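In what follows, a structure is listed as structure tokens, so that the remarks can point back to it.
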Amino acid sequence: MNLLEKYGLEEFKPLVDGLQKGDLRTFQDGLVKYQDRFIRQGTYLLLEKCKTVCYRNLFKRVHNILDKHQISLNLVARAFKWLGLPIDLDEVECILANLIFRGYVRGYLSHTKRVLVLSKKDPFPESAIIAK
């Protein structure tokens, strides 16, 4: 029995699973399914902000699968499409720019080449998530 079951917080299970795996679809489905409950609890906006961490973990999974420090934005867009959330390259670039700005991802974007260039040393710092 995990803590969520022990304390009767099963509505958070899809959110936790989505966050851990970088599975934006599971996270989003859980958020929509229990939206009314989260609004009543006053946690909806906080959980909506957690979507940023889910994006970060998705990009981290793509990085781990490809094992490259230069990742084409087309490949990232394919990951979103595979999750059933098709987005265009400009939206991918915008999400990544925000993650880089907030310190969740270390690297830079090459707009002309449509490539994310990640730092070779700790491109996805854990401390950035904990500290913010």
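The values are calculated or read from the model by the stated rules, or taken from the named source; none is laboratory data. As the structure is a computational prediction, the values presented were derived from the model and not from experiment. Every residue, glycine as well, gets a Cβ built from its backbone with ideal geometry; the counts of neighbours run over all protein chains shown. The accessibility values were calculated without ligands, DNA or RNA, using every heavy atom of the protein model including side chains. Shrake-Rupley method; radii C 1.70, N 1.55, O 1.52, S 1.80 Å.
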- Message: Name the residue that is farthest from the chain's Cα centre (by Cα), counting only residues in the range 23-35 that are buried (at least 17 other Cβ atoms within 10 Å of the Cβ) and under 14 Å from residue 48 (Cβ atoms).
- Response: 34
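Let's see how each residue does on (1) acidic (Asp, Glu); (2) assigned to a strand (DSSP E or B); (3) in contact with a strand residue (DSSP E or B) (Cβ under 9 Å, 6 or more places away or on another chain):
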{"residue": "79", "(1), (2), (3)": "no, no, no"}
{"residue": "87", "(1), (2), (3)": "no, no, no"}
{"residue": "91", "(1), (2), (3)": "yes, no, no"}
{"residue": "95", "(1), (2), (3)": "no, no, no"}
{"residue": "98", "(1), (2), (3)": "no, no, no"}
{"residue": "101", "(1), (2), (3)": "no, no, no"}
{"residue": "109", "(1), (2), (3)": "no, yes, yes"}
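Could you list, in sequence order, all residues of the range 1-19 that are open to solvent by less than 60 Å² (accessible area, probe 1.4 Å) and either among the β-branched types (Val, Ile, Thr) or touching a helix residue (DSSP H, G or I) at 6+ places or on another chain (Cβ under 7 Å) (or both)?
Applying the first criterion (open to solvent by less than 60 Å² (accessible area, probe 1.4 Å)) to the range 1-19 yields 4, 8, 11-12, 14-19.
4, 11, 12, 14, 15, 16, 17, 18, 19, listed by residue number.
Conditions tested, residue by residue: (1) surrounded by 13 or more Cβ atoms within 10 Å (Cβ to Cβ); (2) under 29 Å from residue 10 (Cα atoms); (3) more than 11 Å from the chain's Cα centre (by Cα).
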residue: 21; (1), (2), (3): yes, yes, no
residue: 37; (1), (2), (3): no, yes, yes
residue: 46; (1), (2), (3): no, yes, yes
residue: 56; (1), (2), (3): yes, yes, no
residue: 70; (1), (2), (3): no, no, yes
residue: 104; (1), (2), (3): yes, yes, no
residue: 114; (1), (2), (3): yes, no, yes
residue: 121; (1), (2), (3): no, no, yes
- Query: Does the range 42-65 contain any residue that is of a type outside the set (Phe, Trp, Tyr), without any contact (Cβ under 8 Å) to a residue 24 or more places away in the chain and over 30 Å from residue 106 (Cβ atoms)?
  - Reply: yes
- Message: It is to be established whether one or more residues within the range 81-91 are open to solvent by 70 Å² or more (accessible area, probe 1.4 Å) and touching a residue at least 12 places away in the same chain (Cβ under 8 Å).
- Response: no
- Could you count how many residues in the range 1-26 are of a type outside the set (Lys, Arg), free of Cβ contacts under 8 Å to residues at least 40 places away in the same chain and in a helix (DSSP H, G or I)? 14
- Check off (1) open to solvent by 50 Å² or more (accessible area, probe 1.4 Å); (2) of a type outside the set (Asp, Glu); (3) touching a strand residue (DSSP E or B) at 6+ places or on another chain (Cβ under 7 Å) for residue 63 and give me the number that stays unchecked. (1)
